[in-house]
Amino acid sequence: MRYQWEVRLYPGEECGVFAVYGHPNAATLATYGLYALQHRGEESAGIATADGKRPFRIHRGMGLVSQVFDSASLSFLSGQMAIGHVRYSTTGSSNLTNAQPIAVVCSQGELALAHNGDIVNASDLRARLEGRGSIFQTTTDSEVILHLMAQRVGKPVEEAFVWALDQTEGAYSLVLMTKDKILAARDPQGFRPLSLGRLDDGYVVASETCAFDLLHVEFLRDLAPGEVVSIDAEGVHTLRAPKPLDTAAFCIFEFVYFARPDSTIHGVNVSQARIQMGRELARLYPVEADLVIPVPDSGNYAALGFAEEAGIPFDLAFVRNHYIGRTFLQPTQLIRDFNVRIKLNLVQESVRGKRVVVVDDSIVRGTTARARVANLREAGAAEVHIRVSCPPHRFACHYGIDFPDPRSLLANQLPVDRIQSYLNADSLGYLDLDGLLRACGSPQSGMGFCSACFTGRYPVAFHQGLHKEILERSQLARLAAK
Ligand code: AMP
């Protein structure tokens, strides 16, 4: 029989993960941790807790942390251990089934997993596992890790975790909860951040250090690329040796845009890096102008650096409505366009008759920049110069940032001079890769970066047909063939 399946197109894991070990208010801490990581994903949020005796307690929902958790859910989430997740899907649909943490009961006992990143060989692993009878409950790439672990019947959970990860390629910063420990891991390239901290007698793991500040967690260290640790009553144990930092491929776009400015990654503070990007940009593309304005909030620090370096006055002429979510985190094109229009308003008096430099972190589809130039011209700006604090985005990301289709990237479609006319700007300048690397502390920090979205040089091979709904489509194709 053939079924009629409508392939529902969802935008594809930009996510935040958080874990607490050994604290009586684990769920409350996790909730606040997720608040601090909200910028990493606004579609769903979830927390799983354990007290070592009763089954795990899990609460997940669609929407913001503030919409998902209330006092009733927090009192239900009892236990001294918790893991939490905020999600913006890049693999798998945006629905509650795919919200994390994913919890299972298997040969390894109860497990709950929260993942940030994209596993590039997930569909191959899944096909192999299903061939052996695995029944998947989600269409996320993350679930394969739990199924791989379940295959290691009789082995210690730590060994099963490392074994599963050794078969998993791509980007993962993970926290995994068992009935009595927290395991945490970064992929060997260290694509996504993950930091370890200490709170009283317990430990905290978070995607970004900004989540520590809020809770007065003492920062201990970043997990190293490739490192796998377990946290239990005896402390922190390394299960898989770290890779050297210079062989890493840390996502440089975390510094450009994605991470919060108050986070520090491998010793480099994100806001300081952004200020340096602005300085580099001002040296690379100087311009005679009266005013430097950022596209808030993403362009704020780079614009500050640009203005300082160029000696041009800085002003906050765009006023952001903070009650609208990040535009790109909204799933449909319709909503995206709408949000671009309602998100920023201009203080017309500040720009009228002036030669204005507008600084933003990146141009992806170009919708935002084009709309901003139009606003400025309508408000009577004499000249509009666009400066962008990273190189042109020409290639898809397969490691957890949502620009999977190169055709949707403006710089993939047009050369820079035509982008300038498309945006109707008087000049356009993008920071080059060398300047960006310097701004992010390279080579002093010794950290290696992934810049595949600018260069097309991918540190880990990926499946050519990889896109967000790959797991859903292969499932549908199998059903349709029956
Ligand atoms: P646009 O060029 O209109 O697609 O919007 C680009 C703006 O969205 C940039 O200024 C970034 O601040 C932000 N952005 C960052 N990452 C992404 C992403 N993955 N997809 C879309 N927009 C993003």
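In whole percent, what relative contact order does segment 231-329 give with Cα contacts below 8 Å and a gap of six or more residues?
21 percent
Of the listed residues ARG438, ARG387, the order by accessible area with a 1.4 Å probe, largest first, is ARG438, ARG387.
Stokes-Einstein diffusion of segment 264-453 at 10 °C, 1.306 mPa s viscosity, Kirkwood radius from Cα pairs, rounded to a whole number: 94 µm²/s. Relative contact order, whole percent, for segment 52-204 stands at 23, derived from Cα pairs under 8 Å and 6 or more residues apart.
According to the square roots a ≥ b ≥ c of the eigenvalues of the Cα gyration tensor, what is the shape class of segment 16-246, taking rounded for a/c under 1.5, prolate for a/b larger than b/c otherwise, and oblate for the remainder? Write out the running numbers ahead of the final one.
Working: a/c = 1.33, a/b = 1.18, b/c = 1.13.
Note, shape of segment 16-246 comes out rounded.
Residues of segment 208-231 with an amide N closer than 14 Å to a point placed 7 Å from the Cα of SER445 along the Cα-to-Cβ direction: 208-210, 222-225.
HIS398 sits with roughly 10 Å² accessible to a 1.4 Å probe, with DNA, RNA and ligands left out of the calculation. Taking 32 Å as the limit for the C-alpha separation, the pairs LYS243/LYS343; LYS181/LYS243; LYS53/LYS243 exceed it in the case of LYS243/LYS343; LYS53/LYS243. Ligands, DNA and RNA aside, SER173 has an accessible area near 0 Å² when probed at 1.4 Å. Using a simple spin-label model with pseudo-atoms 7 Å out from Cα toward Cβ, VAL153 and ILE135 lie 1.6 nm apart.
For the chain, the fraction of alpha-carbon pairs lying more than 37 Å apart is 27 percent, rounded to a whole number. Can you give the accessible area of GLU169, probe radius 1.4 Å, in Å² rounded to 10? Counting only protein heavy atoms, GLU169 exposes about 90 Å² to solvent.
In terms of accessible area, using a 1.4 Å probe and ignoring ligands and nucleic acids, HIS322, HIS237, HIS115, HIS23 rank largest first as HIS322, HIS237, HIS23, HIS115. Using C-alpha pairs under 8 Å with a sequence gap of at least 6, the mean separation divided by the residue count of segment 264-453 gives a relative contact order of 23 percent. On the basis of the beta-carbon distance and an R0 of 35 Å, HIS322 and ARG418 show a calculated FRET efficiency of 0.55. Ordering THR247, THR139 by accessible surface, largest first, gives THR247, THR139; the 1.4 Å probe counts only protein heavy atoms, with every chain in place.
The values are calculated or read from the model by the stated rules, or taken from the named source; none is laboratory data. Every value quoted in this text rests on a predicted model; they were computed, and no experiment measured them. Glycine gets a Cβ as well: all are built from the backbone with ideal geometry, and neighbour counts include every protein chain shown. Heavy atoms of the whole protein, side chains included, go into the accessibility calculation; ligands, DNA and RNA do not. Shrake-Rupley method; radii C 1.70, N 1.55, O 1.52, S 1.80 Å.
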